[in-house]
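The values are calculated or read from the model by the stated rules, or taken from the named source; none is laboratory data. Note that the structure is a prediction, hence the values are computed from the model and not measured. Glycine gets a Cβ as well: all are built from the backbone with ideal geometry, and neighbour counts include every protein chain shown.
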Amino acid sequence: MISYYRGKPWAHLVGRSMHGGSGPTWCALYRLGLLSADDKLTERGWYEATVRVS
């Protein structure tokens, strides 16, 4: 979420993380309502990311 908040959602992933770990993480964030189907933070996602960055 913090990477999405900073405008670089996949910049921190390299190697196998990009291929294996990112899919389940994206699905979990989507199920929690933090990401929308168009790969953007929802209003709740923005709030949660802001709280963690501040």
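Here are the numbers:
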{"item": "Scope the stretch 45-54; condition surrounded by 11 or more Cβ atoms within 10 Å (Cβ to Cβ) and without any contact (Cβ under 8 Å) to a residue 12 or more places away in the chain; matching residues", "result": "TYR47"}
{"item": "Out of ALA49, ALA11, sole residue that is of a type in the set (Gly, Ala, Ser), at pLDDT 80 or above and in contact with a helix residue (DSSP H, G or I) (Cβ under 7 Å, 6 or more places away or on another chain)", "result": "ALA49"}
{"item": "Residue in the stretch 22-32 that is at pLDDT 95 or above, surrounded by 10 or more Cβ atoms within 10 Å (Cβ to Cβ) and of a type in the set (A, V, I, L, M) present", "result": "yes"}
